[in-house]
């Protein structure tokens, strides 16, 4: 049971309060140039997904809270969340590898206080 | 089963034995139908042992007689079933079941009875039951497995499941704490006290009914008091505190990511009267802990020697526990066999209790230390450099007569002749293993400790600290300091700056006898001729012997994980509590590599089994799943509604009147709609308001057709595609104002579509200014359909003009109707003149009955979902989920008119242009008329290119909707057929199960009122 | 012909007034009008318009509420509020809100009938809720006025802490789920199943 912090409203809660939305930062080609989307671009947009051992940037929604979508960076090895950030923000630079050491609850707690006051 | 009384007299050893029981009160219980007596505070195991009972069950594979080995969760043998009938629960450890008056227990895994067991024949055939026996024997021929399986399962099952519904209640409870302490022994108490002193919210889970752990069998003092006294005062302080929650009778079953734990509290198992008062039987705690302190202690491990499974061979600490806690001796004359100092405490306790200890057998050549001196002073006969090699028993292995001992050399060799020592029980200790199961459930890695010869916690990613014996810190003083420091550190880490520091106090000071090092001993070879009787059991519950492990290695298995699966070592409810390390110890000789290189198997949750009822919690019967009710639900219920689930909604499928069947009811409802007027509860339809300057543009991107051009007060049917280009929802959207729309979705799609709209606004089209508010729950909505619908409305007081001229098809008006505020729409899903009237939900019941009263003179009927579906099928209207299945485009359905060619972009547009989706000959929607009008095609029937005697046949499509039409008095169907629109007039064949073939003609998918005149009234 | 009548989602139940054998008291709160209001909290004009129509400034701190007289505004999201007020005031306030926010990027919807409000009162009310939600209702920041949206008993819900010591909690559930939520509360609030988390306990056996 993952522990997640919504960067929009600052709420911290079990993953059952949230909704997982898969890989983040996927561009929809038709939004920018609907007339010139190749079959390959459409295929990549619809079906090609990363499956990294390490940091995965992903979409979550604060389903039972403020209802807003946001992004998270999660280490798929330790399950630790490295960052929570807004749906319009670019992926943070986290070095891109899994960290063997983590102290997840403490870090998220600190983040909650910050977000809660914002 | 002899009846010798083994309960020690109250006055023995200054009255210190049997501290947990109330000797004055007596309880009566039954085991296999025989009545036994015990005292409050007893377990089933202790009470039966007090009556001289040794035999608790038969082993899993060989059906050998088995008795109690441990005193707690580690017990692999004494599995019993408790409770009768629907309350029957199998596989409980007799050592953990608290006694109450009237308890009913049964033995397991024996037939026809415990004492005369037919399966014990397996013992004689044990050459046929080597490691991997099941794999080798029953895998061929494959077809016979079903037959073998039936017999094996019946003979070898671990108890039986109850067959009747569980009458008890269960529930879940959530909690968040700063520090969760697992284990209520002295280390857990010290950790909890330390953590609580900082102001942290602390939960302390203890598996048994009592706190203090092994305080009562360990000697030593804490803060100058006996351990039990100290434990009592700390537990009392913690109970009074307002930031601590004590959970007795609670196992920490599993540890999951980010310190989420499952705890099982056995609330009323020990006292059924609590359940009568409304208490649940079990409560499953779902706990999120900022920090965890694991103080789960250690479990003693046995040493394997020949016939080490005879009833009466038990762990040394268990023997001591039975004496100290329950005043029960395992026998009258016991040999103690050890490789470490702790078992000397058992020899001393037995001696103090007046039980004879003819020999203390120690594998070590020169043990020294305070406990050894104490034993010598007590006059105990100590044989050093010696091992127990075999157990002699009579009565089919049930009664121990003697043990054989022989000189033992370091490394495992027997060097010299055997001596026979008369005894009736054996206490064995091979050292202690930390209980690190929870530590391993997520990320914890164990490391091997050469001194302790066991695995200890190493590194973890979790906010989890292991203290005391669970961490391999067996010295009392060191363990308590570690626990105290761990409690403080955990609390500070959880609380950060808000932790109080002043009242933290000092770590408790403990004193106990210093203990010398143990000698690693896993296996003592038997002397003399090896035969089947001389089995060295490693895993008692799964009947795995040392020979099985050696055989597995000889057969080429190297990985411990493979050996485990091949031999079944460490599986089932026991999860290797007493066997894992011993197995590795045996394998280290066979594989000739050290234990750390062999590695250990994985501990998986739950630590001990948890009940299915607890997992289900409250979610049974009426609370099995959330059920949604529409505003007139009670009317439906009172008027014969035959409900069907639609998502979580319950909708009337039809209304059964005066004993009619479904078919008659549906016919009545449909004919009323076609000939007079009928009323449908359509409140479940999804309703979403959209408002903002970009609402029109947004709808143009969401729907495949255009909505920005819709005029205020007008309605339009629209299709929604997913990004794959397939139809996902449909409905009518109305323009309420310049920048304000009301969308209708399917009943099943309402929540999903609201989420879909939000997702696009929040994650893709950031520039669009649109607010989306789902309003489904606010409105009751009813369809009033039929040629007399307008007459009903015109009877009622209203400021709305319902006339044909005043209220055009596909338009909407707001106003009042018989005093109800309403939104009225002229839309039709039945093909008849139809109005859909929405009113705020609390007015729903009132408006519903108002319509029925007003319509009575016109013959109004309420109609359900099946009539609705037939009415729409007669008109050829699609239902998303029937005519579409996630692979169907609007073009396939012939809905080209609702797919815009002008718009540069909308969801799904680009995918519709992919080669496969725009290809010729795709499955297309057609109508079907069976050649025999009385025949109704089965739902989902396949049309084939050519009927053959047997499958496979080339399938060219399938029936999507099929009904008997009361209106047309014949069958009708819709289907998706390859290249269907080019097959008009063809006759297709539908082979059915049983060889029948139905034939149907392909027609346009519309069967009634082709010109659409009826909906105009 | 029958007059238009308001009938709530739990009106059919015989146990709404009194539920014997429970550790807390359950009650249905009726007579409230509710307006769902969407708007941009950073838009000063919108915030001012809303305040002037409702009479209470919209709370912007997450999970809070604002009350003035008989009007309470619950924070639901960064751009969403639930205005609750006596039902007889609804029409006027709703009209005022629509009028004053006209032309603005805002959406007010009358949601008076969309939710059923169940009031839990008494010692242990928070623990009863916690049998159905993972939200820590005992956290120090859950105080009088707090609003927590949550997954409760598998359905969407919101809890408004109306009073503390003794606890008075208003549980907002969608109307169609009201009967289910009520059943859930009856099942989990039984006296014999009472849980008092962190409070003083009986001295345990050692």
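Things worth noting here:
- Whether a residue is modelled with pLDDT of 95 or more, at positive phi and within 45 Å of the chain's Cα centre (by Cα) was assessed, and residue B:713 does not pass this test.
- Residues within the stretch A:76-101 that are at pLDDT below 85, surrounded by 14 or more Cβ atoms within 10 Å (Cβ to Cβ) and away from every other protein chain (no Cβ under 12 Å), tallied: 0
- Of the strands (runs of 3 or more DSSP E) lying entirely inside the stretch B:717-786, the ones with 3 or more residues being in contact with a strand residue (DSSP E or B) (Cβ under 7 Å, 6 or more places away or on another chain) and closer than 21 Å to residue B:887 by Cβ are found at B:727-737.
- The test for being outside any strand (DSSP E or B) and within 14 Å of chain B (Cβ to nearest Cβ) holds for residue C:41.
- Residue that is nearest to the other protein chains (Cβ to nearest Cβ), among those in the stretch B:274-296 that are within 26 Å of residue B:487 (Cβ to Cβ) and part of a loop (DSSP other than H, G, I, E, B): B:295
- Checking residue B:63 against (1) more than 23 Å from residue B:322 (Cβ to Cβ); (2) at pLDDT 90 or above, the condition it does not meet: (2)
- Residue under evaluation residue A:65, criteria (1) surrounded by 20 or more Cβ atoms within 10 Å (Cβ to Cβ); (2) within 13 Å of chain B (Cβ to nearest Cβ); (3) modelled with pLDDT of 95 or more, criterion not met: (2)
- Test for residue C:123: is it over 20 Å from residue A:66 (Cα atoms), within 7 Å of chain B (Cβ to nearest Cβ) and touching a residue at least 24 places away in the same chain (Cβ under 8 Å): no
- In the stretch B:201-250, residue farthest from residue B:16 (Cα to Cα) [restricted to those that are without any contact (Cβ under 8 Å) to a residue 24 or more places away in the chain and either crowded, with 23+ Cβ neighbours inside 10 Å or at the interface with another protein chain (Cβ under 7 Å from one of its Cβ atoms) (or both)]: B:242
- Taken over the stretch B:344-384, the residue count meeting the criterion of being assigned to a loop (DSSP other than H, G, I, E, B) and buried (at least 19 other Cβ atoms within 10 Å of the Cβ) is 8.
- Within the stretch C:58-86, the set of residues being buried (at least 19 other Cβ atoms within 10 Å of the Cβ), within 14 Å of chain B (Cβ to nearest Cβ) and not in a strand (DSSP E or B) comprises C:79 only.
- Test: residue in the stretch B:569-586 that is within 14 Å of chain C (Cβ to nearest Cβ), in contact (Cβ under 8 Å) with a residue 60 or more places away in the chain and out of contact with any strand residue (DSSP E or B) (no Cβ under 8 Å at 6 or more places or on another chain): no
- Taking first residues from the stretch B:382-401 that are free of Cβ contacts under 8 Å to residues at least 12 places away in the same chain and partners that are crowded, with 18+ Cβ neighbours inside 10 Å, the Cβ contacts under 9 Å between residues at least 6 apart in sequence or on separate chains come to B:394/B:400; B:395/B:65.
- Residue in the stretch A:22-40 that is facing chain B (nearest Cβ under 10 Å), part of a strand (DSSP E or B), at pLDDT 95 or above and within 26 Å of residue B:905 (Cβ to Cβ) present: no
- Residue check, residue B:483 in contact with a helix residue (DSSP H, G or I) (Cβ under 8 Å, 6 or more places away or on another chain) and either buried (at least 20 other Cβ atoms within 10 Å of the Cβ) or within 14 Å of chain A (Cβ to nearest Cβ) (or both): yes
- Count of residues meeting criterion [assigned to a strand (DSSP E or B) and under 42 Å from the mean Cα position of the chain (by Cα)] in the stretch B:829-869: 2
- Selection within the stretch B:765-789 - over 30 Å from residue B:693 (Cβ atoms) and surrounded by fewer than 20 Cβ atoms within 10 Å (Cβ to Cβ): B:787
- Matching option when the condition is at pLDDT 95 or above, farther than 20 Å from residue C:17 by Cβ, crowded, with 22+ Cβ neighbours inside 10 Å and more than 10 Å from chain B (Cβ to nearest Cβ), among C:153, C:193, C:157: C:157
- Here residue B:461 passes the criteria (1) assigned to a helix (DSSP H, G or I); (2) out of contact with any strand residue (DSSP E or B) (no Cβ under 8 Å at 6 or more places or on another chain); (3) farther than 22 Å from residue B:518 by Cβ except the one numbered (1).
- Verdict on residue C:55 being surrounded by fewer than 18 Cβ atoms within 10 Å (Cβ to Cβ) and farther than 26 Å from residue B:776 by Cβ: yes
- Test result for residue B:452, within 29 Å of residue B:364 (Cα to Cα) and either away from chain A (no Cβ under 14 Å) or touching a residue at least 40 places away in the same chain (Cβ under 8 Å) (or both): yes
- Which numbered condition residue B:24 fails, given (1) crowded, with 24+ Cβ neighbours inside 10 Å; (2) free of Cβ contacts under 8 Å to residues at least 40 places away in the same chain: (1)
- The requirement of being under 22 Å from residue A:19 (Cβ atoms) and in contact (Cβ under 8 Å) with a residue 40 or more places away in the chain is satisfied by residue C:174.
- The residue that is farthest from the other protein chains (Cβ to nearest Cβ), counting only those in the stretch C:127-150 that are more than 20 Å from residue C:185 (Cα to Cα) and in contact with a strand residue (DSSP E or B) (Cβ under 9 Å, 6 or more places away or on another chain), is C:144.
- Test: residue in the stretch B:486-507 that is closer than 29 Å to residue B:408 by Cβ and in a loop (DSSP other than H, G, I, E, B): no
- Options B:630, B:618: the member that is within 30 Å of residue B:167 (Cβ to Cβ), within 13 Å of chain C (Cβ to nearest Cβ) and in contact (Cβ under 8 Å) with a residue 24 or more places away in the chain: B:618
The values are calculated or read from the model by the stated rules, or taken from the named source; none is laboratory data. Predicted model only: the values in this text are computed from it and were never measured. All Cβ positions, glycine included, derive from the backbone under ideal geometry; neighbour counts span all protein chains shown.
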